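A quick write-up on the structure given underneath.
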Amino acid sequence: MSELGSAENPLKVAIVGSGPSGFYALEALLKSGKEVRIDMIERLPAPFGLVRNGVAPDHPKLKQAILVYEKIAESPNFAYFGNVTIGRDVGVDELRNLYHAVLFTCGAESDRKLGIPGEDLRGSHTATEFVGWYNGHPDYRDRNFDLSGEVAVIIGQGNVAADVARILSKTVDELKTTDIAEHALEALGRSNIREIHVVGRRGPAQAKFTAKELREFGELADCAPVVKAEDLALNAESQTEIADKNNAGSATNMKIFETFAAMAPAGKKRRCIFRFLEGPVRIEGAGKVERLVLAKNRLEGAPFNQVARETGETLTQRCDILFRSIGYKGVPIAGVPFDERKGVFPNDDGRIKDSSGPVPGLYVAGWIKRGPSGIIGTNRACAVGTVASLMADFPKLDPAPKPGGEGLRKLLTERGTRVVNYAEWRRIDSAEIGRGQPKGKPREKFTRIAEMLGAIG
Ligand code: NAP
């Protein structure tokens with residue numbers, strides 16, 4: 001038998017998921033020095049995961065990561081299997097038989113729950129739904145967001161909350177030449193929202209916005225950022241935090257909040273109000289969200305470990321629409337061990353494990369490996385680490401030749417799955433770019449799977 005990783009017996013790996021971690025894992029495998037054949041399996045016809053469906057439409061620079069992924073995808077040793085759902089079209093056990101290794105990079109597709117009464121009232125949404133909706137993700141295409149009220153509240157102070165707040169804050173003119181989905185632009189154009197409250201359970205020094213994202217609130221055409229100067233008084237522990245040279249981002253955020261506190265909101269149609277030390281207790285309303293009860297909090301604990309504790313005082317905030325933006329969570333896949341609490345596939349350096357140790361041939365990278373944190377580039381080092389583990393395990397992998405993509409294609413054909421290959425994706429891509437041109441948009445996305453498949457016949 002030819003040696004595994006040779007031209008006669010290439011290492012065959014299936015990557016599940018086509019977001020940043022998937023492409024960085026692909027790149028690392030192609031550079032491994034072994035002869036490899038890598039197939040990438042994606043549930044949607046369109047690749048690129050959160051770069052396409054998560055990055056805000058008004059942040060086109062972040063989407064330039066796609067240019068790198070397109071270059072990586074040029075390798076003759078790569079094949080794309082779009083429109084294929086694991087569990088429905090092909091099982092994990094089947095993939096394990098077809099490939100030497102299966103590497104999951106399927107991200108964190110669900111949300112953490114607040115666990116408070118009223119969370120599921122009409123008008124209470126997850127950030128995931130809203131972000132998917134304005135980005136034209138087929139799963140969220142038909143969601144409705146009632147923007148007829150004046151007061152929106154966002155729970156959480158991370159960059160996703162910043163994206164949601166900014167999209168609600170911007171004028172149609174600020175959005176119309178982005179790749180925002182047409183249905184979202186229309187609905188946002190009719191929005192009556194005047195106040196956007198962005199609520200943090202801890203203080204301004206603990207807000208998780210990156211400075212660039214926070215600063216943008218001072219540059220909006222018709223929305224003023226609002227911060228109460230007295231909310232910026234820090235306890236000694238928070239002062240220690242912002243003085244730490246490894247925490248320069250928080251110190252910069254404090255400076256930005258100070259400039260917001262000094263700004264006059266007059267003359268702008270909308271206000272984006274940053275609030276601190278307030279934790280959600282319950283959501284109230286008759287059949288729909290009307291009010292949010294918040295507990296006033298204080299911080300307790302040592303620097304960098306401060307937690308929010310209720311003071312006993314509460315307040316009620318009018319709320320016509322609510323967005324929970326408190327972090328994403330991974331979802332399980334049948335046949336793969338899952339850590340329910342953390343929402344990740346349990347692993348040691350990317351080797352998926354169960355209670356008896358590593359599961360041979362199963363690997364993980366990205367948010368489903370380490371949880372939903374970091375920026376796009378963080379996933380590169382993460383994927384490189386996992387591929388290093390896979391390469392270190394090389395002597396332990398089953399050396400027998402595997403059917404790989406040929407076997408997968410045969411199986412999917414038998415099952416009638418309409419696989420979208422990379423050349424077909426490029427045709428969908430061109431069609432979207434063409435649809436955007438007359439509107440001055442970089443693209444007008446297809447927002448239904450049938451439309452994407454229709455574009456390739
Ligand atoms: P995140 O940065 O972890 O922020 C989550 C926020 O929710 C925090 O403010 C957290 O407060 C709060 N929270 C959590 N549980 C809560 C609860 N029970 N009640 C009230 N508040 C609660 O998560 P994210 O915003 O979803 O972002 C995920 C990752 O994607 C981050 O690394 C982010 O930087 C990245 N991202 C980057 C960009 C960009 O670069 N432009 C854009 C979007 C996302 P505590 O701090 O108190 O836990």
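Some observations on this one:
- Highest mean packing first, where packing is the average number of other Cβ atoms within 10 Å per residue, the peptides 301-310, 55-64 line up as 55-64, 301-310.
- This model, with +1 at the C-beta of Lys and Arg and -1 at the C-beta of Asp and Glu, gives the range 113-326 a dipole about its Cα centre of some 240 debye.
- Net charge over other residues, Cβ less than 15 angstrom from the Cβ of Lys342 (K, R count +1; D, E count -1): +1
- Relative packing of 184-195, 405-416, which averages over residues the other C-beta atoms within 10 Å, highest first: 184-195, 405-416
- Along principal axes, Cα extents of the range 61-198, largest first, whole Å: 55, 39, 26
- Taking amide H as placed 1.01 Å from N in the peptide plane, the amide H of Val420 sits under 5 Å from that of Gly82, Asn83, each at least 5 places away or on another chain.
- Orientation-averaged projected area, Cα convex hull of the chain (nm²): 23.4 nm²
- Long-range Cα-Cα pairs in the range 113-326 (distance over 23 Å), rounded percent: 45 percent
- HN-Hα J in Hz across the range 302-311 - Karplus 6.51, -1.76, 1.60, θ = phi - 60°, x for Gly and Pro: 6, x, 6, 10, 6, 10, 7, 10, 5, 8
- Using only alpha carbons, the range 281-363 has a radius of gyration to Kirkwood radius ratio (Rg to Rh) of 1.19.
Read-outs: derived from the displayed coordinates by stated rules, not from any lab. Quantities reported herein were computed from a predicted structural model and do not represent experimental measurements. Reconstructed Cβ throughout: ideal geometry from the backbone, glycine too, with neighbour counts over all protein chains shown.
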